[in-house]
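Worksheet: the structure to be examined is printed underneath.
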């Protein structure tokens, strides 16, 4: 009886309303249609059209020309260099990002807000300046020139310099992805782990890391995409020595300046492809582990 | 395991969360730390666990000084307010975690850990749920898993922070009874923190009432109820009315009306009385007079508020058939009461 009494008014209310009720937070069909159209047009013009252009240009002279452009020795060298640089700088930033996020989110210390601001610095500084800074430090007239001369290690116009510039530019990605999540999670799980007898190392590997693995992976993906695509900082410090210190973005620019359009676009398709792969992996992970991701707090961001 | 806390103090950035606290917890006892938020009860619990370190004082586990030991070395079972279950691990892995992180020499085999987890699930009445994940459990079930996980390491003492805080009223009552049974069966020395006086008084062997970083009183539920040590304790464990009275020659006088007798010395006092310890007096008899300003039914009794001319409202809890409706003039008299120093009473009414 009590149950019926509760349900009756609700039934009345729906039968009294002639139109299909609409949730209060949605708009009428016209507004909905307009907003969607604006968003789609915007995306089409700024994202889709350029991408289509890249692929159209790349294949303009046919598949053979496309592959020839990719296996050309200088292009291959650029691809190799890009992969090497990413393979060094991404793990470095993974470790740094984890350490910084852990320190900021789980501990209180003097200079915490300064560290937070510094982590953001690469986002706010032009990449060109990032490159110049390292030239200034390690170049022929640089502050560390004696050290460079003493060790005989070539930094500017060589792989170490490119790695330094790339690490600088991509430094915020992992840390920025982790800090809000780790702050939200707090230290409750870690306290539980240590109260059960786990040492710091076990707590990190078995509790802290699994709690942030999706955010970490996403941060690494973004970091990698940027590491491979970075142009400004690398162009200053690499010296653009064809076949030696040219990364893919630099190689593309050189090809373009030499009017080798289809070759430039052919290499571009690789970078564009990288973006697709990054997004694809992210989409697959999110679809497959949606529950886990929501459970660890990622879904709320 | 006996726990003895001596002159314990804890400061956070200049704020004294705990101030010279001494307490003896007996082996096998179920003890409650009761107090409002900010009273230092959770700080005391975390200090015993080793999740915080004291600014001063000592904590002994039995004969051994635990003050400087790490949380891992203390071997305590801690159940967190929001359970802090590991979301990415199954229930069985959660429960087995404490065993699986032991050093190689003392770590049980995988099969043994699994068996222990199943045993503990049986103990907390969740058999067969080992393969579930925390997100798939209800609040009450998570609470039990958290308890099983804490018990898995065979702790010397079980510490629970607001164990029922996040549960709805019905589940809370069930779990309360269940925890008491579990305690009687396993005999762990157990300390739990709560702000709910009913929970503390109903569940614990002894209750430690705390306020502003100090212990106000330690005693059984009957002690706390019948012999409150301070106005704070009286006010915190139930509703109360506070009246200014004068003691003269063994008589308690409220604005000229004698309410009863006391062996206390002469002087001003605050009289603390529970709503259900007030009774109506017949017309013309001496009492505290006032006009009924509110009358409502609550369960098996009537709650009546009367406005007194000088001392504001007084709340009464009378039998359901008691007379009196809004606007009536009635007089009441306390059957039982507690007298405290007048100044102390003022502090309580002020706060």
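The values are calculated or read from the model by the stated rules, or taken from the named source; none is laboratory data. Source: prediction; values computed, not measured. Here the Cβ is made from the backbone with ideal geometry for all residues, glycine too, and neighbour counts use every protein chain on show.
Observations
- Being at positive phi, within 14 Å of another protein chain (Cβ to nearest Cβ) and in contact (Cβ under 8 Å) with a residue 60 or more places away in the chain is a condition met by at least one residue of segment B:160-178.
- In the set (1) farther than 26 Å from residue A:77 by Cα; (2) modelled with pLDDT under 90; (3) surrounded by 15 or more Cβ atoms within 10 Å (Cβ to Cβ), the condition left unmet by residue A:283 is number (3).
- Within segment B:206-224, tally of residues that are outside any strand (DSSP E or B) and within 12 Å of the chain's Cα centre (by Cα): 3
- Within segment B:60-79, restricting attention to residues that are under 17 Å from residue B:161 (Cβ atoms) and in contact with a strand residue (DSSP E or B) (Cβ under 6 Å, 6 or more places away or on another chain), the residue that is nearest to the other protein chains (Cβ to nearest Cβ) is B:78.
- Qualifying residues in segment B:126-155 (those that are within 12 Å of chain A (Cβ to nearest Cβ) and in a loop (DSSP other than H, G, I, E, B)) - the one surrounded by the fewest Cβ atoms within 10 Å (Cβ to Cβ): B:154
- 2 or more residues within 14 Å of another protein chain (Cβ to nearest Cβ): qualifying helices (runs of 4 or more DSSP H) within segment A:207-265: A:209-229
- Scanning segment A:69-82 for residues that are in contact (Cβ under 8 Å) with a residue 24 or more places away in the chain and in a helix (DSSP H, G or I) yields A:69, A:70, A:73, A:74, A:75, A:77, A:78, A:79, A:81, A:82.
- Filter pass, residue B:37 being touching a strand residue (DSSP E or B) at 6+ places or on another chain (Cβ under 6 Å) and in contact (Cβ under 8 Å) with a residue 60 or more places away in the chain: no
- The one condition in (1) surrounded by fewer than 22 Cβ atoms within 10 Å (Cβ to Cβ); (2) under 19 Å from residue B:35 (Cβ atoms); (3) over 11 Å from the mean Cα position of the chain (by Cα) that residue B:183 fails to fulfil: (2)
- Residue within segment B:228-237 that is under 16 Å from the mean Cα position of the chain (by Cα), in contact (Cβ under 8 Å) with a residue 60 or more places away in the chain and closer than 30 Å to residue A:191 by Cα present: no
- Which numbered condition residue B:100 misses (of (1) more than 14 Å from chain A (Cβ to nearest Cβ); (2) crowded, with 17+ Cβ neighbours inside 10 Å): (1)
Results for (1) assigned to a strand (DSSP E or B); (2) within 34 Å of the chain's Cα centre (by Cα); (3) on the phi < 0 side of the Ramachandran plot; (4) surrounded by 18 or more Cβ atoms within 10 Å (Cβ to Cβ), shown as yes or no for each residue.
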site	(1), (2), (3), (4)
B:270	yes, yes, yes, yes
B:297	yes, yes, yes, no
B:315	yes, yes, yes, no
B:332	yes, yes, yes, yes
B:336	no, yes, yes, no
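- Elements of type helices (runs of 4 or more DSSP H) in segment A:110-205, at least 2 residues being surrounded by 17 or more Cβ atoms within 10 Å (Cβ to Cβ), within 14 Å of chain B (Cβ to nearest Cβ) and over 29 Å from the mean Cα position of the chain (by Cα): A:188-195
- Number of the exception - residue B:123 against (1) in contact with a strand residue (DSSP E or B) (Cβ under 8 Å, 6 or more places away or on another chain); (2) surrounded by fewer than 20 Cβ atoms within 10 Å (Cβ to Cβ): (1)
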